1. Take the Cα gyration tensor of the stretch 1-125, multiply each eigenvalue by 5, square-root it, and list the three semi-axes largest first, rounded to whole angstrom.
2. Rounded to the nearest 20 Debye, what is the dipole magnitude of the chain about its Cα centre when Lys and Arg each give +1 and Asp and Glu each give -1 at the C-beta?
3. Would you kindly compute the Cα radius of gyration of the stretch 17-71 and its largest Cα-Cα separation (Dmax), both in Å?
4. Determine the calculated [θ] at 222 nm for the chain from helices alone, applying -39500 (n - 2.57) to every DSSP H run no shorter than 4 residues and normalising by the residue count; nearest 500 deg cm²/dmol.
5. Hey, what angle do you get for helix 98-111 against the long axis of the chain, alpha-carbon based, 0 to 90 degrees rounded to 10?
Amino acid sequence: MSVSVSSGVPSEAVGAARWLAWQALRVRRLDLAHRLLAGCVELDPSDGWSAEALARVALARGDAEAGREAAAHLLRLAPGSAAGALLYARAQLALDAPEEARPWLARAAGAGRGATKRTAEALLARLA
């Protein structure tokens, strides 16, 4: 059993909480998934998967501020993350800050692939 250095919680417990969050997402229990993912990020701040999922869930729930915070956390963990840039931009757009979103959308469009790239390009075109 490995233990998270930052929290002293066994990494298996964090993994189990991530699994539960995934199951909650599958059945659209966004509030439950949000609580579980927030706990995962708190227990293991280096967990990029949970930070990204938390940002996505927060935005899906309409909580743009929490989405921005989680996306910012993801970007601190992985500065080159196209998904993190797109999530941060989407949160800025939801907070009615299109000028702050623009550079993040450009970054996501330039570094992203697939749906991330297409979504960033479409949102940039809408801002033009």
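Values quoted throughout were computed directly from the atomic coordinates according to the rules given, and no laboratory measurement underlies them. Just so we're clear, the structure is a prediction, and the values are computed from it rather than from any experiment. Because the Cβ atoms are built from the backbone with ideal geometry, glycine has one as well, and the counts that use them run over all protein chains shown.
1. With the √(5λ) rule applied to the stretch 1-125, the semi-axes are 27, 15, 12 Å.
2. With Lys and Arg at +1 and Asp and Glu at -1, about 540 debye.
3. When restricted to the Cα atoms of the stretch 17-71, Rg and Dmax are 9.7, 27 Å.
4. Details: 7 runs with 98 residues, N = 128.
Value at 222 nm, helices only: -24500 deg cm²/dmol.
5. 80
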